[in-house]
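> The structure under discussion is supplied below as structure tokens; questions concerning it will follow.
The values are calculated or read from the model by the stated rules, or taken from the named source; none is laboratory data. Every value quoted in this text rests on a predicted model; they were computed, and no experiment measured them. Every residue, glycine as well, gets a Cβ built from its backbone with ideal geometry; the counts of neighbours run over all protein chains shown. Surface areas here come from the heavy atoms of the whole protein model, side chains and all, with no ligands, DNA or RNA. Shrake-Rupley method; radii C 1.70, N 1.55, O 1.52, S 1.80 Å.
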Amino acid sequence: MERKRKMAEYKLYYFSKRGRAEPIRLIFAYTGVKYEDIRTTKEEFRSKDSAIKAKTPTGYLPLLEVNGLFLPQTLAIIRYLAKPHGLQPEDPFDSAIADAYADTVCDLVTASLPARRETDPTKKKELGLQVLQEKFLPAMGLFEKRLSDNRQYLIGNKISWVDFVVFAFLDELHRKFGEKPYETAPNAKAYKERIANLPGIKEWIESRPKTEN
């Protein structure tokens, strides 16, 4: 007699902010898959008796728990969730393109770290404008070109996991810099708005916890 496969029970561990976990939350919102959104503070996570940190294979968040098993790293979690929920490109080359755009976002996030970690308000603003000009605006040109020719999403006209990675980045970019990044990127702006109004995503954006970042 064939045993029934246990339904997956998901728990997502991260800090009380959007950050690296937001694309994962967006996928859960879009697919309607239920999960526990477990949030902690950096102080709690760094404490020597942190129960959450004790679960992490790498010592970092985000962390996904699936029926008692633990999976670290944002993109690994996203790719794990993508396939069973129809968000993984079927064509190998399209899959590689998705990886390339996700890696681009990771590079941009890394480039922004000096500005995000700066505590002096004047220097923080200067570093932010510098990374906008040197990194973010050229990347907007890359996204803009990809979304030309009436592309609805990054991989043709079917949404895939990488769209949530890029959307989370564009959403944060808009929050920090307003409309400036979109002045010469109408396709990227329309793309961001298209994803923001998808069923599940719209409701999540309206109801998600208000955080500084």
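> On a 1.4 Å probe surface of the protein chains, which of Trp161, Trp204 comes out largest in accessible area, and what is the full order?
Output order, biggest surface exposure first: Trp204, Trp161.
> If DNA, RNA and ligands are ignored and the probe is 1.4 Å, what is the ranking of Thr104, Thr41 by accessible area, most exposed first?
These residues rank, largest area first, as Thr41, Thr104.
> Right, here's the next one. Suppose we keep just the DSSP beta bridges with both residues in the chain; what percent of those would be antiparallel, to 5?
So the antiparallel bridges in the chain amount to around 55 percent.
> Continuing with the same structure: State the percentage of accessible surface on the chain attributable to carbon and sulfur atoms; use a 1.4 Å probe and exclude ligands, DNA and RNA.
Answer for the chain: carbon and sulfur cover 52 percent of the accessible area.
> Dipole of the chain (Lys/Arg Cβ +1, Asp/Glu Cβ -1, origin at the Cα centre): which of Leu87, Tyr60, Tyr30 lies farthest to the positive side?
Tyr60
> Can you give the percent of C-alpha pairs in segment 153-213 whose distance is more than 16 Å?
Distances greater than 16 Å cover 47 percent of the Cα pairs.
> Separate question: With +1 on each Lys and Arg Cβ and -1 on each Asp and Glu Cβ, and nothing else charged, work out how big the dipole of the chain is about its Cα centre, in Debye to the nearest 20.
Once rounded to the nearest 20, the dipole reads 580 debye.
> Once you place label points 7 Å from the Cα toward the Cβ at Lys125 and Lys34, how far apart are they in nm?
For Lys125 paired with Lys34, the spin-label model returns 4.8 nm.
> Could you compute the FRET efficiency for Lys55 and Arg194, with r as their C-beta to C-beta distance and R0 at 41 Å, rounded to 0.05?
0.65
> Of the listed pairs Lys123/Lys180; Lys180/Lys202; Lys34/Lys176; Lys42/Lys124, which have alpha-carbon separations greater than 25 Å here?
Lys34/Lys176
> Moving on. Would you kindly calculate the mean projected area, averaged across all directions, of the convex hull enclosing the Cα atoms of the chain, in square nanometres?
14.1
> Within the chain, which DSSP H helices have Cα atoms that stretch 27 Å or more along the helix axis and a mean Kyte-Doolittle hydropathy of at least 0.5?
92-111
> Give me the accessible area per residue for segment 1-145, probe 1.4 Å, as a whole number in Å².
It amounts to 63 Å² per residue over segment 1-145.
> Also, quick follow-up: Multiply the residue gap between Arg175 and Lys145 by 0.36 nm, knock off their C-alpha separation, and tell me the result in nm, one decimal place.
Stretched out fully, the Arg175 to Lys145 stretch lengthens by 8.5 nm.
> For the chain, what is the relative contact order in percent, using Cα pairs closer than 8 Å and at least 6 residues apart in sequence?
23
> Using 0.36 nm per residue, how much length does the chain from Lys158 to Phe70 gain when fully extended, once their Cα-Cα distance is taken away?
28.7 nm
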